[in-house]
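Below is one structure, written out as structure tokens; the observations come after it.
Computed from the coordinates by the stated procedures, all read-outs in this text should not be read as laboratory data. Predicted model only: the values in this text are computed from it and were never measured. Cβ: placed from backbone, ideal geometry, glycine included. Neighbour counts: every protein chain shown.
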Amino acid sequence: MPLLRDYRQDLIADLHDPREAAEYLNAALEDGDRAVVANALRNVIEALALPAHGEEAETLCRLKNCLGPA
């Protein structure tokens, strides 16, 4: 039986690259659906928050909370 990979872990890892994050956000914006854009922003924020510390991490968490639940 093949092993299933969690796409989310790979997505968050890919979004650490600023170019990947920009392309991902642009694709979400092109879709035009607010829920898609909000979800894309949440994912990029999560990717940015992982290496962040202190005030920067707190700011990113507050921003993510403003977007509401996924």
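A few notes on this one:
- Derived scalar couplings between HN and Hα for the stretch 38-46 equal 4, 5, 4, 4, 4, 5, 5, 4, 4 Hz in order, rounded to whole Hz, by the Karplus curve 6.51 cos²θ - 1.76 cosθ + 1.60 (θ = phi - 60°), x for Gly and Pro.
- Placing dummy labels 7 Å off each Cα toward the beta-carbon, the span from residue 39 to residue 67 is 1.2 nm.
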